[in-house]
Amino acid sequence: MLPTVKTSTLREKFPVLRAIAYLNAGTDGPLPTAAIQAAAAELEREAEQGRAQRHFERRGELSSDLRSAYASILGCPAEDTALTSCTSEGIGQVIGGLELHAGDEIVTSDEEHPGLLGALAAAHELREVSIRMVSLGEVAEAVGPRTKLVACSHVGWMSGSLAPAELADVDVPVLLDGAQGIGAVPVDVGVLGCDAYAGAGQKWLCGPDGIGMLHTTPQLRERLMVSRRGYSNLGQPNAGLQAGLHEDARRLDSMSLSAESVACALAATQVLGGPGWLAVHECSCSLAALLAERLAESGREVAPRDATTLVSFQSPDPPAERARLAEQGVILRDIPGRPWLRASVGAWNDESDIERLLSGLA
Ligand SMILES: Cc1ncc(COP(=O)(O)O)c(C=O)c1O
């Protein structure tokens with residue numbers, strides 16, 4: 001028997017699920033009605049009242065509420081949480097901000113997303129940093145004398161594998177790419193023992209495109225150079241060249257996040273948090289496990305995975321099968337370079353979505 005998170009009531013809050021078996025939150029989550037309404041209300045206010053002092057105060061208030069909401073999901077203080085535009089931006093802030101030199105090494109895994117690989121390639125090309133790639137399960141033991149950072153997924157995007165718990169004990173900074181982690185599985189940055197955790201608002205937190213978050217410990221933050229500065233991350237923006245950066249994680253904030261996006265993201269987290277995060281995680285992980293089981297029973301090979309919300313499985317022609325399923329109202333994605341389709345299972349899904357996928361595959 002699957003745990004019910006009042007999923008039926010959660011499900012009703014997502015218009016896309018009325019007609020579509022939406023299994024694609026690993027790309028972009030479904031938007032809840034309340035989030036769309038919150039964004040529309042901000043735009044209407046801006047249209048009616050204009051955008052002057054009060055508008056910017058409102059933006060500040062919304063940002064502060066969203067920061068607190070994300071921090072509580074990460075299990076850290078709001079002071080350690082920056083608001084970014086996406087996971088990749090947070091990753092870039094950390095890797096680009098560390099003082100790294102030729103000969104230094106970053107350990108990563110061989111199943112990373114371009115969002116992390118891009119920043120690693122930049123460190124290699126621009127600063128001659130060596131990049132050592134091992135399997136995700138081996139990243140902790142791969143740390144050597146030249147390693148200055150471990151940067152890898154919390155949850156691997158290709159098949160839903162988890163980073164090893166041993167990362168909590170390594171003695172170099174650890175940056176986790178949490179794009180497939182936050183909102184999907186329980187996250188407690190203290191327990192993970194990471195120094196930085198970069199995540200997305202638009203995936204498992206069901207917010208709009210263009211919102212993310214970055215957790216950093218004060219110790220790591222002290223070491224990060226911040227070359228990109230503007231009104232949002234300056235301590236005293238009107239103090240000219242003496243403006244200085246915010247003392248806390250706001251120094252890593254994105255340059256400009258709109259009120260409508262922030263309000264939309266905030267409302268989405270409130271919808272998801274409604275049934276309680278633990279229940280949401282239990283429901284989505286059990287439903288994903290059920291899908292993996294049913295796929296295997298139906299003769300589809302399931303890619304190695306952990307207890308997460310992603311289920312990748314063998315397809316004879318992934319792009320063609322994805323397109324055929326989409327015509328039947330079943331939305332998932334294929335994984336470039338692997339013979340897999342990937343289903344993302346959320347607490348908003350139910351067994352009817354799984355049945356539609358399985359009968360579409362038959
Ligand atoms: C593991 C992983 N990292 C990074 C990204 C990039 O995310 P964003 O668009 O939030 O930068 C993705 C997107 O799918 C991802 O799956």
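For this structure, a couple of remarks:
- Count of the stretch 301-320 residues which are surrounded by fewer than 18 Cβ atoms within 10 Å (Cβ to Cβ), in contact (Cβ under 8 Å) with a residue 24 or more places away in the chain and either out of contact with any Cys (no Cβ under 9 Å at 6 or more places or on another chain) or not in a loop (DSSP other than H, G, I, E, B) (or both): 3
- Some residue of the stretch 232-253 being within 16 Å of the ligand (Cβ to nearest atom), assigned to a helix (DSSP H, G or I) and not charged (D, E, K, R): yes
- Put simply, of LEU266, LEU257, LEU272, LEU278 the only residue that is within 20 Å of the chain's Cα centre (by Cα) and outside any helix (DSSP H, G or I) is LEU257.
- If you go through the stretch 115-129 and keep only what is more than 10 Å from the ligand (Cβ to nearest atom), in contact (Cβ under 8 Å) with a residue 12 or more places away in the chain and of a type outside the set (A, V, I, L, M), you end up with ARG127, GLU128.
- Condition met for LEU234 (assigned by TED's automatic domain parsing to the domain that holds PRO77, in contact with a strand residue (DSSP E or B) (Cβ under 7 Å, 6 or more places away or on another chain) and free of Cβ contacts under 8 Å to residues at least 24 places away in the same chain): yes
- Close pairs from the stretch 182-194: first within 12 Å of LEU205 (Cβ to Cβ), partner part of a helix (DSSP H, G or I) and among the β-branched types (Val, Ile, Thr), Cβ under 8 Å, at least 6 apart: ILE182/ILE73; GLY183/ILE73; VAL187/ILE73
- Out of LEU310, LEU325, one residue alone is closer than 26 Å to HIS154 by Cβ and among the aliphatic types (A, V, I, L, M). It is LEU310.
- Of all the residues in the stretch 133-149, those that are among the β-branched types (Val, Ile, Thr) and within 15 Å of the ligand (Cβ to nearest atom) number 1.
- Members of the stretch 64-86 found to be closer than 19 Å to GLY193 by Cα and within 16 Å of the ligand (Cβ to nearest atom), listed by number: TYR70, ILE73, LEU74, THR81, ALA82
- Taking first residues from the stretch 151-168 that are at negative phi and assigned to a helix (DSSP H, G or I) and partners that are small (Gly, Ala, Ser) and modelled with pLDDT of 95 or more, the Cβ contacts under 9 Å between residues at least 6 apart in sequence or on separate chains come to ALA165/ALA140; ALA165/GLY193; GLU166/ALA140; LEU167/ALA140; LEU167/GLY193; ALA168/ALA140; ALA168/GLY193.
- Verdict on GLY160 being more than 10 Å from the ligand (Cβ to nearest atom) and farther than 25 Å from SER254 by Cβ: yes
- Candidate set from the stretch 201-226 (those that are out of contact with any strand residue (DSSP E or B) (no Cβ under 8 Å at 6 or more places or on another chain), away from the ligand (no atom under 12 Å from the Cβ) and not aliphatic (A, V, I, L, M)); member that is nearest to ASP169 (Cα to Cα): GLN219
- Taking the listed residues THR81, THR27, the one that is closer than 20 Å to PRO208 by Cβ, surrounded by 22 or more Cβ atoms within 10 Å (Cβ to Cβ) and under 20 Å from the mean Cα position of the chain (by Cα) is THR81, with no other qualifying.
- For the stretch 174-200, a tally of residues being in a strand (DSSP E or B), more than 10 Å from the ligand (Cβ to nearest atom) and under 8 Å from the mean Cα position of the chain (by Cα) returns 1.
The values are calculated or read from the model by the stated rules, or taken from the named source; none is laboratory data. None of the values given here were measured: they were computed from a predicted structure. Cβ sites come from the backbone with ideal geometry, for glycine too, and all protein chains shown count toward neighbours.
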